[in-house]
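Here the structure comes first, spelled out in structure tokens, and everything after it is commentary.
The values are calculated or read from the model by the stated rules, or taken from the named source; none is laboratory data. In this text, all values refer to a predicted model and were calculated from it rather than measured experimentally. All Cβ positions, glycine included, derive from the backbone under ideal geometry; neighbour counts span all protein chains shown.
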Amino acid sequence: MRFSRPTGLLPTVLLLPLLTACLPTGGHVGAVATGHFSAGHQFPVLVVAWCGDAEPQQIDLVGGEHEIHLVATRGFDGDRVEVDLAAPGDGWRITDGRGDQVYRLVPESDQEEYTVGVGSLKAEPGEGTEHDIGTVVFSTEALAAEQGVYSRAAGSSEAEYVPREEFPPEC
């Protein structure tokens, strides 16, 4: 029996599942910069966009005395969701670092720096998860100074404001 080397469309069809498995994952996280005084005294709305099928399952907010975890209670349609950190709604359960229920989120100070990480996996109560979708670092003072979507990754000194309709960048 003699085998010939596959040509044409057949190799592409055979490689399709492998190529699909290599599609980019991750995403982008930004905070809505409202550009007015009251923004300095409340947590922002997050804009979370994900690539692929890995939708957000946990959001971790850390800064000052805060160690807050928002755990998704439902799935999300599409590839983008907005989450109001001050009042995230019934799509999220809010817990503190011990796993106890939290009912209200208020920043300690407008100058306190907060890190928000978004992950596609849930962790045990009070534990963080891998932030494979993205992170954003902000102070509410910075968000009150500008308008648009604010994005600054952990470890970066540069922040970027983009118009809401231009966020997120492509995967």
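In the range 44-79, the qualifying residues are those that are closer than 14 Å to residue 149 by Cα and not β-branched (Val, Ile, Thr), and the one that is surrounded by the fewest Cβ atoms within 10 Å (Cβ to Cβ) is 49. Restricting attention to the range 107-133, the residues that are small (Gly, Ala, Ser) and either surrounded by fewer than 20 Cβ atoms within 10 Å (Cβ to Cβ) or at pLDDT below 95 (or both) add up to 4.
Applying the criterion of being at pLDDT 95 or above and surrounded by 17 or more Cβ atoms within 10 Å (Cβ to Cβ) to the residues of the range 80-95, the residue that is farthest from the chain's Cα centre (by Cα) is 92. Are any residues in the range 36-70 outside any strand (DSSP E or B) and among the hydrophobic types (A, V, I, L, M, F, W, C), and if so, which ones? 37, 39, 43, 51, 54, listed by residue number.
Every condition in (1) farther than 14 Å from residue 44 by Cα; (2) more than 17 Å from the chain's Cα centre (by Cα); (3) buried (at least 17 other Cβ atoms within 10 Å of the Cβ) is met by residue 98 except one, and the failing one is (3). Residues that are within 27 Å of residue 169 (Cβ to Cβ), in contact with a strand residue (DSSP E or B) (Cβ under 7 Å, 6 or more places away or on another chain), in contact (Cβ under 8 Å) with a residue 40 or more places away in the chain and hydrophobic (A, V, I, L, M, F, W, C): does the range 80-101 have at least one? Yes, the range 80-101 contains at least one residue that is within 27 Å of residue 169 (Cβ to Cβ), in contact with a strand residue (DSSP E or B) (Cβ under 7 Å, 6 or more places away or on another chain), in contact (Cβ under 8 Å) with a residue 40 or more places away in the chain and hydrophobic (A, V, I, L, M, F, W, C). Confirm whether residue 116 is touching a residue at least 60 places away in the same chain (Cβ under 8 Å), within 19 Å of residue 42 (Cα to Cα) and touching a Ser or Thr at 6+ places or on another chain (Cβ under 7 Å). Yes: the conditions hold for residue 116. Report yes if residue 148 is of a type in the set (Gly, Ala, Ser), buried (at least 17 other Cβ atoms within 10 Å of the Cβ) and modelled with pLDDT of 95 or more, otherwise no. Here the answer is no, as residue 148 does not meet what is asked.
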